Every structure is written in C-alpha cells, then in structure tokens.
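The values are calculated or read from the model by the stated rules, or taken from the named source; none is laboratory data. What you see is a predicted model; the values in this text were computed from it and never measured. Ideal geometry is used to build each Cβ from the backbone, glycine not excepted, and the neighbour counts take in all protein chains shown.
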Amino acid sequence: MKKSIFNLLMLLLLAVNLKAQNLPLRKEVLGIINKANSYWQTNNKAEVRSFWDNAAYHTGNMEVVALTKNETYRKYSEDWAVYNQWMGAKSTDKTQWKYKYGETDEHVLFGDWQICFQTYIDLYHLKPEAYKIARAKEVMEYEMSTTQNDYWWWADGLYMVMPVMTKLYKTTGNHQYLDKLYEYFTYANSIMYDSESKLYYRDAKYVYPKHKSTNGKKDFWARGDGWVFAGLAKVLKDLPKNDKHRKEYIAKYKGMAEAILKSQQEEGYWTRSMLDANHAPGRETSGTAFFTYGLLWGINNGYLNKKTYFPAALKAWNYLTQNALQESGKVGYVQPIGEKAIPGQIVDANSTANFGVGAFLLANCEMYRFLKN
C-alpha cells in the first residue's frame, strides 16, 4: 500500500515538473499523433501508387505502428503495399531500367521509386514473409551490381534510399549494402554538401555562387536538408556500431544539427530558404518536422546534448502542434511538391501533403519517446 502511494506521488510530481517546463504529457502527444493520423487515413485511401510522396507518409505511419501497435494503422500500410504488389516502379525488363528522374515503370533505379521498400521491410519484420521484400532485394542487388555510383544526385534521395540500404543490411546480413551506401553517399557529398555551412544544396543546380537566394545568399532548401538530416538519423539507427565509416556519418549529422540550430525562426519553424528568411518568408511544416524529428532522435539516442538542442526541438514541436496542426486534424503549412524555396508561393493552414504528415508523425513519435525516457 505504501509503495503504491509513493509511486502515485512520484507520478504526480513528474506531471507537475513536466508542466513547469511547459512539456506535454505522453497521453497528449499520443492524442496529437492519433488526431493527425486518423484525419489523414480517413480522408485518403490507401490504394495509391508507391511513388515517393505517398511512401514518405508511410515511413511516418510505420513509426506510429512501432510505437502504438495500432492494427488499423498497420493495415493501412499493408493495404498500400498489397495494392502496389510490394513493388516500386514495376518494369521487369532490366535492360530498360533507368535511374534519372522519371515517374514511369522503367525508372526502377530512381530513388523516388525505392523509398517504398522502407515500409515493405518494416512490414516484413512484423510478419516475415519472403515475398514482401523480394522486389526490394532484386532491385537493390541489381543496382549494386552496376558500376555507377551517382544514384543519389539530389538531397531528397538520401532520405528515400539510405535507410533502405541499412534496413536491408540488417535483414540480410549482406555487407555490400553498407559498402554501396558509403560509395553512393560519398558521391552525393561531392556534388551537394557545403562544408562551410555544413548543409546540403538540393542538387548541383543550386550550388553557390552559381545559384543564389534573392538576397545573394547561399540557398539551402529546408525540406531538402530535412530529408538529409532525417535520413542520417535513420541510417545511424540501423548502422552497425563497428562500421568503419560510422564516424563520418555522425560528423555530417552533428554538423547539420549545429547549422539547423542557428537558422530557426523565433516562432519555432524554419523558413523555406534556411539562411535567407526573406527569400520566401513565413511558416513551413515539412522541413520543420524533419528537423524536429532529427533533433529529438539525436537527443533520445545520445548524439546531441539535451541542454543545447532540446529548447530548439521543443520550440519546433510547439509550432508543429499549435500552429501547423489544425483543429480538424489536418497538418497545414506544408510547402507543395517542388525542389526549392519559391518567393511568393502561398503556403497556409490549408496547405497539406502526405509527406508533410509523415514528417509530422515522425517528430511526434520522437517527442513521445523523449517523454517516456
């Protein structure tokens, strides 16, 4: 009896302490997750193609499944996988497979058609059946057999495919996935990474000084850097502790965290052009959510100092849940599909998108874990 009273008192003290720090309770975060995810699934059918935007939502949904074990959410992703025959682009003629930009079934080697494999692998681990990852293995093994190393030529691709490589390594034990991960990552760094700013240009077209923001500054697109930062967190999650390149991945991740911290706006969000807030001013959710996820993941897993980084993560989370999340459950202020910050583009409370919801779910799952820890 005394032990029960003591435990109850400790819980009450914890709740008071959380409120004193303006922290939410876990049940509040869970309510936010369910509100946003239920709204999305109620208003959007699962039976859509396996291209990057839909697949990015499912990476967030599967994180919620891992956290909550919610069968309705799991079935939504499985229904999507079944509809797409557990495939990305569907060509079976390897002589026709392409890897530059394309939305046809011949673009099997283009990373935007490979991000779906992340969810297929996650579903496989919930109920291992070989057919769920057969296409993922076929495609990635073929890709690794080629001499090309320039598969990841745009920042988004690092989120789309890097985690596929580490997930398949963990699943198969095939070390080639880690070797090629590093080879392709090295190429991406050679064309997109800015060592001075410690951030990534969206692709080679946007490298300074060839391209500048409207005010003559380096133009780092928030969602593009969000893709990379979140992708690095996912890689570090699954990368073996003894991987010979681990220190380099950590260095890139921590460097980005430092740069991200410096460019946050007072309201908690990041503007679309990170270092030129006046280029395309105003709230934006997708980049902000990926940054929030990456910061909280780093704090939760011991890579980032809590005292330094948590205030920024909390401020960003407050923006996401108090401004971006609408009363209906819609996640607003998501910049539409594109590849850069566009001056004058309208992004408002009604601007929503599948990938933005996925990022929002990732961020809230990490906030829940922070509170649990």
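Tabulated data
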| read-out | value |
| --- | --- |
| Identity of the residue in the range 189-204, of a type in the set (Ser, Thr, Tyr) and over 18 Å from the mean Cα position of the chain (by Cα), that ends up farthest from residue 260 (Cα to Cα) | 190 |
| Residue check, residue 167 of a type outside the set (A, V, I, L, M, F, W, C), closer than 24 Å to residue 247 by Cβ and surrounded by 22 or more Cβ atoms within 10 Å (Cβ to Cβ) | yes |
| Per-region count, the range 93-118, residues buried (at least 17 other Cβ atoms within 10 Å of the Cβ) and outside any loop (DSSP other than H, G, I, E, B) | 6 |
| Answer from 272, 283 - the residue that is surrounded by 21 or more Cβ atoms within 10 Å (Cβ to Cβ), more than 20 Å from residue 29 (Cβ to Cβ) and more than 17 Å from the chain's Cα centre (by Cα) | 283 |
| Some residue of the range 93-105 being of a type in the set (Gly, Ala, Ser) and under 21 Å from residue 131 (Cα atoms) | no |
| Given (1) in contact (Cβ under 8 Å) with a residue 12 or more places away in the chain; (2) within 23 Å of residue 292 (Cα to Cα), number of the condition residue 196 does not satisfy | (1) |
| Some residue of the range 140-149 being closer than 23 Å to residue 79 by Cβ and either modelled with pLDDT of 95 or more or surrounded by 15 or more Cβ atoms within 10 Å (Cβ to Cβ) (or both) | no |
| Enumeration of residues in the range 206-229 that are assigned to a loop (DSSP other than H, G, I, E, B) and surrounded by 14 or more Cβ atoms within 10 Å (Cβ to Cβ) | 207, 208, 211, 212, 213, 217, 218, 219, 220 |
| Verdict on residue 241 being surrounded by fewer than 16 Cβ atoms within 10 Å (Cβ to Cβ) and closer than 20 Å to residue 56 by Cβ | no |
